[in-house]
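Written below as structure tokens is the structure these notes are about.
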Amino acid sequence: MNATRKIADWIPAIAVFFLGVVVWQVSIDIFDIQKFLLPKPGSIVSAFWTQRSTLWSAGWLTLKEALGGFAIGSALGILFATALARFRRISAALMPIAIAANAVPIIAFSPIFNAWFDPLSPSPRIATAGVLCFFPVFVNTLRGLTSVKPAQIELMRSYAAGEIEIFRRVRVPTALPFVFSALKVATVLAMIGAIVADYFGTFGSLGITIKNSVSLFDFETAWAAILTASILGVAMYVAVSLVERFALQWDPTRQERGTA
């Protein structure tokens, strides 16, 4: 029953997707939109299939950079948030700085990291993706760890629980939904950061493929590379969502939503 409900929940999204593709195709035919503005979906799929070997090779290279940045940035964000959760005044002082740093445009990081690291190595792209992942994970994790109700802390202390026990049994379970929400956002940011940083670096990556294809007026291949990036980004998002589903099985509100 639950499996049927979960499949049914996807039907509206799938219907809207295919409707969008149909409108896309029909609009090009009706309004005579040139391919340099928007290629036909069929042409993009054809380019994706005929060049699948090159695109997946480029996608694998970019995916490794995105995964590296995601892992490093998210881990550092969780560690920093965990350390600052005990010092409320310091965390309150640093929060505006973190929000301001998160507003820096993505493209500003890449030239800087190319100067810091070997531009021919994956390090600049991993660093760019890592910075983008760090801030949302840090902010959300800190918010989750500090959003515990005082009554819960008082109840645990009435049972003579120490700070470590309170952290493990109260703060971590409260923070996990915040953490996973941030991690799902970070998967998208990691892929975006890796692709944008690719414009300044390694040949054979998705960013360079898109850049070179547009320069050669091969717009179908450029869009096919974008499609590849989208598939990989969705795969990362789904992977984190599956881990979240397993990790939050204890959450009674999720169980109620699943059986309602």
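At a glance:
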item: Extension reserve of the residue 40-residue 121 stretch, reckoned as 0.36 nm per residue once the Cα distance is removed; result: 25.6 nm
item: Accessible carbon and sulfur surface of the range 39-257 relative to its total accessible area, %, 1.4 Å; result: 70
item: Debye, to nearest 20: dipole size of the range 39-257, +1 on Lys, Arg Cβ, -1 on Asp, Glu Cβ; result: 620
item: Mean Cβ count within 10 Å, highest first, over the residues of peptides 50-61, 122-133; result: 122-133, 50-61
item: Pairwise label distance in nanometres, residue 249 with residue 57, each label 7 Å out on the Cα-Cβ vector; result: 4.2
item: Percent of C-alpha pairs per 5 Å bin, the range 39-257, short to long; result: 1, 7, 13, 15, 15, 13, 11, 8, 6, 4, 3, 1, 1, 0, 0
item: Accessible surface, the range 39-257, averaged per residue in Å² (probe 1.4 Å); result: 53
item: Whole-Hz couplings from phi, Karplus 6.51/-1.76/1.60, listed for the range 13-18; x for Gly and Pro; result: 5, 5, 5, 5, 4, 5
item: Average silhouette area of the range 1-146, convex hull of alpha-carbon atoms, in square nanometres; result: 14.2
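The values are calculated or read from the model by the stated rules, or taken from the named source; none is laboratory data. Since we're looking at a predicted model, the values are computed, not measured. Here the Cβ is made from the backbone with ideal geometry for all residues, glycine too, and neighbour counts use every protein chain on show. Surface accessibility is based on the protein's heavy atoms, side chains included, excluding ligands, DNA and RNA. Shrake-Rupley method; radii C 1.70, N 1.55, O 1.52, S 1.80 Å.
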